[in-house]
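Reviewing the structure listed below.
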Amino acid sequence: MIWIDLVKNYLADFCTKNLENLEKAYDDEVQLRDWEITAKGKDNVILANKELFSNFETIKIHILNTAYRNKLVFIEFVLELDDEVLNVVDIFNINEQGKIKSIRAYKG
C-alpha cells in the first residue's frame, strides 16, 4: 500500500501544481508518456508539467480505482482540466529508492 500512497500524494501535488514536490518524487531518469507527449529525464518531465500547468487554471483528479503489483501502481481516475473531463489510467513504475521511474498515461 505504501506505493499507492506515494502515487496519491504525487497526484495531489500535481493538482496543486507543486513543482517542487513533483521534482522530489521523480527519479533522475524518469520517463513520461501519454497520448500527446513523451518526455525523458527529470528536467524534461518538469518542463512538460510546467507547460500543462500553464495551459489550465484548474486541475482536479477523482480517483476511481487503484491497484498495485510489486513496484507498479495502476490508478484509474477522472481528470478535470478546467472544463475538459477525461477518463484516464496511469501506470506508475517505482524504483528501489521509492522514486517515480516512469509514468504511462492512457486516455479512454
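The values are calculated or read from the model by the stated rules, or taken from the named source; none is laboratory data. For clarity, every value in this text was computed on a predicted model and none was experimentally measured. Because the Cβ atoms are built from the backbone with ideal geometry, glycine has one as well, and the counts that use them run over all protein chains shown.
Quick rundown of the values:
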read-out	value
Sole residue being charged (D, E, K, R), assigned to a loop (DSSP other than H, G, I, E, B) and over 18 Å from ILE4 (Cα atoms), chosen from GLU96, GLU29, GLU57, GLU51	GLU57
Close pairs from segment 42-59: first closer than 13 Å to GLU20 by Cα, partner among the aliphatic types (A, V, I, L, M) and surrounded by fewer than 16 Cβ atoms within 10 Å (Cβ to Cβ), Cβ under 7 Å, at least 6 apart	ILE46/LEU19; ASN49/LEU19; LYS50/LEU19
Tally, over segment 9-33, of residues that are out of contact with any helix residue (DSSP H, G or I) (no Cβ under 9 Å at 6 or more places or on another chain) and surrounded by 15 or more Cβ atoms within 10 Å (Cβ to Cβ)	2
Residue within segment 78-95 that is under 20 Å from LEU22 (Cα atoms), crowded, with 17+ Cβ neighbours inside 10 Å, among the aliphatic types (A, V, I, L, M) and touching a residue at least 24 places away in the same chain (Cβ under 8 Å) present	yes
Among residues of segment 64-80, those that are within 11 Å of ILE91 (Cβ to Cβ), over 14 Å from the mean Cα position of the chain (by Cα) and aliphatic (A, V, I, L, M), counted	1
Which listed residue is closer than 18 Å to VAL78 by Cα and modelled with pLDDT of 95 or more, from THR16, THR38	THR16
Which listed residue, of TYR106, TYR68, is farther than 16 Å from ASN9 by Cβ, at pLDDT 95 or above, of a type in the set (Ser, Thr, Tyr) and surrounded by fewer than 18 Cβ atoms within 10 Å (Cβ to Cβ)	TYR106
